[in-house]
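Visitor: Pasting a structure below so you can have a look.
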Amino acid sequence: MTSIHLDTQEINLTTLKQPSIHILTNIQPHGVLLVLQEPDLTILQASANTLQAFGVAVESVIGRPLDDLLDVYQVDRFRENLSGQNLDFVNPTKVWVRRSGDDYLVLDAIFHRSPDGFLILELEPALTQESIPFLSFYHLAKASISQLEATADLRDFCQIIVHEVRQVTGCDRVMLYKFDDDGHGEVIAEEKLDDMEPYLGLHYPESDIPKPARKMFLSNWIRVIPDAYAEPVALYPAHNPLTQQPVDLTLSILRSPFSCHQEYLHNMGVGASLTISLMKDQKLWGLIACHHRTPKLIPYELRKACEFLGRVIFAEISTREEVADHSYRMKLAQVVTALMESMSQADSFIDGLTQREPNLLDLAEATGAAICFSGQWTTLGRTPPEEELNYLVQWLAKTVNDEVFATDSLPLVYSDAERFKDVASGLLAIPISKRSFVLWFRPEVIQTVNWGGDPNHAYELNQSGAEPRLCPRKSFELWKETVRLKSLPWKGVEVKAALELRKAIVNIVLRQAEELALLAQDLERSNAELKKFAYVASHDLQEPLNQVANYVQLLELRYNEALDQDAKDFIDYAVEGVSLMQTLIDDVLVYSKVDLKGIEWELTAVEASLNQALANLRGRMAETNAVITTDPMPTIVADGTQLMQLFQNLVGNAIKFRQTDVPPQIHIGVQRQEEAWLFSVKDNGIGFDQQFVDRIFVIFQRLHTRDEYPGSGMGLAICKKIVECHRGQIWAESELGQGATFYFTIPVGGRDRSHAGGRKKQSHLSD
Ligand code: BLA
């Protein structure tokens, strides 16, 4: 039950905060409003004060032509001019109304067509009998425009506006009120009587000027309340007899202010107000707000003069703002172009964004930036720790659907961010893919905001009457708020620049992915070709090779007597060549068989594989008196046969490249690292010059001639392929004459782990 009650209250509050002020049926009593039907100008509705103004009761004018109320000659003139669409040429027209004898009332007649299609005539007391000549506007504007040329600062411009408007209107207080993106506003310029309390620099909550009021300013640029205490007059009849609806008073001058606003003015001590809208890009940028402590009627022409002034000066402000915006936009565009160039030149787009000048930070005046790509972080400047970043991107991945996300108060939407508010209260983020992001950070900037009254109690709900209603706060006294957990806001141009960069990154990443796919295809193709070749070699070449060997040996047997020593040597060379060819073919076959798909992952006792390898090398070990020692070996996830092959090649090499007359001493070691097993095969052999280290693992590359050390030159290439297929790494360290140590890693998690325990970790070992 309670929840239903709460619900209704919430709905009420929302509607209460958004009153439909355009269809209020009261008007301010200083003027007369008539709703007319064209073309004969029949009076459909009239404000109930016709008796005071014209001496005629309102009931008796309804259904009558306008000619019955005003001078026929004038009404005829209206009829002629109203046929044109633009009513600005008619407004205002002075009309004289005779009350009694020679007592004439001079009124300004102002026409408009309501959004629901009726002609509305509003009659206001004219202060002058003559229209103010256009030239006076011109002089007004000219004086202030020449001042403008010597002024650079936005605040100074605004100061000129309020000064000029106060000169023209004589109001006690004139302010320039600028809206923020969130709907609240700030007084950025003010001129007032000395004894009035200053409002300059004060902020006012969004609810003070609700959306419907702001919306009306888009079409009706001026709002005038000459007497905030005046009792409103009703329209008669309240509803338009043709539509049975209240007539739309959006464009009306006389419409009565909404009661809540009237109370607001009372609480502020305002007797009369004039408000002029300032528009930029079809959006309400701000207002010129004039207050007078006592009632004050500012006639139509003066209001228009103020509007004109405001507009001319404001146009200049807009232009200057745009120029400033434009030069920053150009600067950011240059940064984006430079980053794109760096990305295309660097090895990876990440290097391009972080390693050169300008870098990511320059794109958004950020104090920190981070790139998350393929689960790896690259950071610049001050950023939250990596663990926090991981959680943050998880949250972003769930929350952000757009191509860009920007907030100047991250802790408000993501409370964990409070922990790192000092570096990242502001976040600008662009997703590159589901889990890859580029992020920019700005730190918390603690600010004091001065409010005109406590914004947390901007109004209260009054339910004492028949209808619940909102009452504005009574006190507008300075209320200081300390704003925390907020950064400086991201500018629109910065957000746009980030979007531009996003496009460029996505293109590059896509292109790189395509290239990788092509490379993988090429690799697959060449692997397949190698396999085919190895197969053909082992079967088809073997035959003729055997044939050569057999026939040469037969030659030696049969013609032994006839052959001299030279011929016998030649036959020996031929037989050697054939046997080398056979080794080559075998090794190519082994090499081609090692590939990722062929790995059989299983729990393997390394000791068993190693012992098998040593058993295969038994003969050579005995020949050379080799001494082999090993650490206790673990059980790991790997392909046991390939591991055996790996040890056999490495230990075989260690024996092969021994020092003359020194028995080989070989130690096979193992160490557990965080994510991998690090194996080593250390010998006391001839070693090699470290500068050739990269060559030794390349297929068919040799450091020695075949005469010195026979072999195919494929042993280490096979080792490398085996290790890499296990997603590990292999490398060697040596010095000429000082023995060599070969290292390789096998990731602990087997196939699920990527390259682990790389070269960096190797230094721990050699330390
Ligand atoms: C209208 N409120 C306004 C206007 C201003 C302000 C400038 C437009 C002027 C006008 O319509 O005459 C507020 N005036 C200010 C502020 C300053 C100032 C901020 O001088 C700062 C110095 N107002 C409330 C609440 C409501 C509300 C709680 O405080 C409830 C809904 C309503 N304000 C409200 C309405 C209007 C308004 C409805 C339009 C009035 C109308 O045109 O009828």
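Visitor: Please work out how much length the chain gains when fully extended from Ala622 to Asn462, using 0.36 nm per residue of separation minus the C-alpha to C-alpha distance, in nm with one decimal.
Guide: 47.1 nm
Visitor: When Lys and Arg each count +1 and Asp and Glu each count -1, what net charge do the other residues less than 15 Å away from Leu105, Cβ to Cβ, add up to?
Guide: It works out to a net charge of -3.
Visitor: Let's test the formula: R0 of 22 Å, r as the Cβ-Cβ distance of Gln245 and Val72. What FRET efficiency results, to the nearest 0.05?
Guide: Between Gln245 and Val72 the formula returns 0.10.
Visitor: A follow-up question, please. Could you give the length gained by full extension between Thr705 and Val56, i.e. 0.36 nm per residue of separation minus their alpha carbon distance, to one decimal place?
Guide: Net length gain for the segment: 221.1 nm.
Visitor: Rule-of-thumb check for segment 543-635: C-alpha Rg over 2.2 N^0.38 Å?
Guide: Here the Cα radius of gyration is 1.69 times the empirical estimate.
Visitor: May I pose another question? So if I place +1 on the C-beta of Lys and Arg and -1 on the C-beta of Asp and Glu, and nothing else carries charge, what would the dipole magnitude of segment 597-766 be about its Cα centre? I want it in debye, nearest 20.
Guide: About 300 debye.
Visitor: How long are the three semi-axes of the equivalent ellipsoid for the chain, computed from the Cα gyration tensor as the root of 5 times each eigenvalue, in whole Å, largest first?
Guide: 95, 26, 24
Visitor: What is the percent of Cα-Cα separations in segment 521-570 that go past 12 Å?
Guide: In whole percent, the long-distance tail amounts to 72.
Visitor: For segment 623-726, would you read off the P(r) tail past 16 Å as a percentage of all alpha carbon pairs?
Guide: 63
Visitor: Could you tell me the ratio Rg/Rh of segment 347-446? Both radii from Cα atoms, Rh via Kirkwood.
Guide: 0.93
Visitor: Using all C-alpha to C-alpha distances in segment 548-704, build P(r) with 5 Å bins and read off the rounded percent in each one.
Guide: Taking all Cα pairs of segment 548-704, the binned fractions are 2, 7, 12, 15, 15, 16, 11, 8, 6, 4, 2, 1, 0, 0 percent.
Visitor: Just to confirm the filter: which trypsin sites (Lys or Arg not before Pro) across segment 373-467 are DSSP coil and have at most 11 other Cβ within 10 angstrom of their Cβ?
Guide: For trypsin sites (Lys or Arg not before Pro) across segment 373-467 that sit outside H, G, I, E and B with at most 11 neighbouring Cβ atoms in 10 Å, the list reads Lys434.
Visitor: Okay, next question. If you line up the long axis of helix 300-345 against the longest principal axis of the chain, both from Cα atoms, how many degrees apart are they, to the nearest 10?
Guide: Tilt of helix 300-345: around 0 degrees.
Visitor: Out of segment 447-494, which trypsin sites (Lys or Arg not before Pro) are coil in DSSP terms and have no more than 14 other C-beta atoms within 10 Å?
Guide: Listed in order of number, the matching sites are Lys474, Arg484.
Visitor: A further question follows. How many nm separate the modelled label positions at Asp522 and Gln553, each set 7 Å beyond the Cα in the direction of the Cβ?
Guide: Taking the two extended label points, one gets 4.5 nm.
Visitor: Let me ask another. Can you list, largest first and rounded to whole Å, the semi-axes you get for segment 486-577 by taking the square root of 5 times each eigenvalue of its Cα gyration tensor?
Guide: They are 72, 14, 7 Å, listed from largest to smallest.
Visitor: Rounding to the nearest 20 debye, state how big the charge dipole of segment 355-432 is about its Cα centre with +1 on each Lys and Arg Cβ and -1 on each Asp and Glu Cβ.
Guide: 100
Visitor: Give, rounded to the nearest 20 debye, the magnitude of the charge dipole that segment 288-351 has about its Cα centre when Lys and Arg contribute +1 at Cβ and Asp and Glu contribute -1 at Cβ.
Guide: 760
Visitor: Then there is this: How far is helix 565-593 tilted off the main Cα axis of the chain, in degrees rounded to 10, range 0 to 90?
Guide: 30
Visitor: A further question on this structure: Roughly how far apart, in whole Å, are the Cα centres of segment 273-312 and segment 603-623?
Guide: For segment 273-312 versus segment 603-623, the Cα centre distance is 97 Å.
Visitor: I've got another one for you. Which value, in nm² and rounded to one decimal, describes the direction-averaged projected area of the C-alpha convex hull of segment 402-490?
Guide: 8.8
Visitor: Something else about it: What relative contact order, as a whole-number percentage, does the chain give when Cα pairs under 8 Å and 6 or more residues apart are counted?
Guide: 8
Visitor: Also: For the chain, what does -39500 (n - 2.57) per DSSP helix run (n ≥ 4), summed and divided by total residues, give at 222 nm, in deg cm²/dmol to the nearest 500?
Guide: Computed ellipticity for the chain at 222 nm equals -13000 deg cm²/dmol.
Visitor: Quick one: angle between helix 492-536 and the longest Cα principal axis of the chain, in degrees between 0 and 90, rounded to 10, please.
Guide: The angle comes out at about 20 degrees.
Visitor: Let me ask you something else. Using the alpha-carbon centroid of each, what span in Å lies between segment 34-91 and segment 434-464?
Guide: 51
Visitor: Another question, if that's okay. Expressed as a whole percentage, what fraction of the accessible surface of the chain belongs to carbon and sulfur atoms when a 1.4 Å probe is rolled over the protein heavy atoms?
Guide: Of the solvent-accessible surface of the chain, carbon and sulfur hold 52 percent.
Visitor: Same structure again: Would you work out which of Ile432, Trp395, Ala228 lies farthest towards the positive end of the dipole of the chain, given +1 charges on the beta-carbon of Lys and Arg and -1 on that of Asp and Glu, about the Cα centre?
Guide: Ala228
Visitor: Counting DSSP beta bridges with both partners in the chain, what percentage is antiparallel, nearest 5?
Guide: The antiparallel fraction comes to roughly 95 percent.
Visitor: Per residue, how much accessible area does the chain have with a 1.4 Å probe, in Å²?
Guide: The answer is 52 Å² per residue.
The values are calculated or read from the model by the stated rules, or taken from the named source; none is laboratory data. The structure displayed is predicted, hence computed values, not measured ones. Ideal geometry is used to build each Cβ from the backbone, glycine not excepted, and the neighbour counts take in all protein chains shown. The protein model used for the area step is the full one, side chains on, heavy atoms only, and it has no ligands, DNA or RNA in it. Shrake-Rupley method; radii C 1.70, N 1.55, O 1.52, S 1.80 Å.
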